[in-house]
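Okay, so here's the structure we're looking at.
Every read-out reported here was derived from the displayed coordinates using simple, explicitly stated rules and does not represent laboratory data. Note that the structure is predicted; figures quoted are calculated from it, not measured.
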Amino acid sequence: VVRFGSRSLELRELLELGPGDVVELDRQVTDPVDLIVGDKIVAHGEVVLVDGYFGLRVTEVAEPVRRLESMRCLG
């Protein structure tokens, strides 16, 4: 999972959303996005376009021990 940011909304606010509405997130455009495996952040990076598709250029990787712990959570 790649996480761009987050925002809490009340159910009423969520139900009022429609096409074209904008939901502000808790990050700036220049902030790195998180690469998440299970519920652990294993890397940070920036969004890039590759042949018209979104991609992630990894800029920082979590320590190997933390990455392994994330993988064990999946099993």
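The slack in the chain from Asp26 to Glu63, taken as 0.36 nm per residue of separation less the alpha-carbon distance, amounts to 10.8 nm.
In angstrom, the C-alpha Rg and Dmax of segment 9-55 are 14.6, 38.
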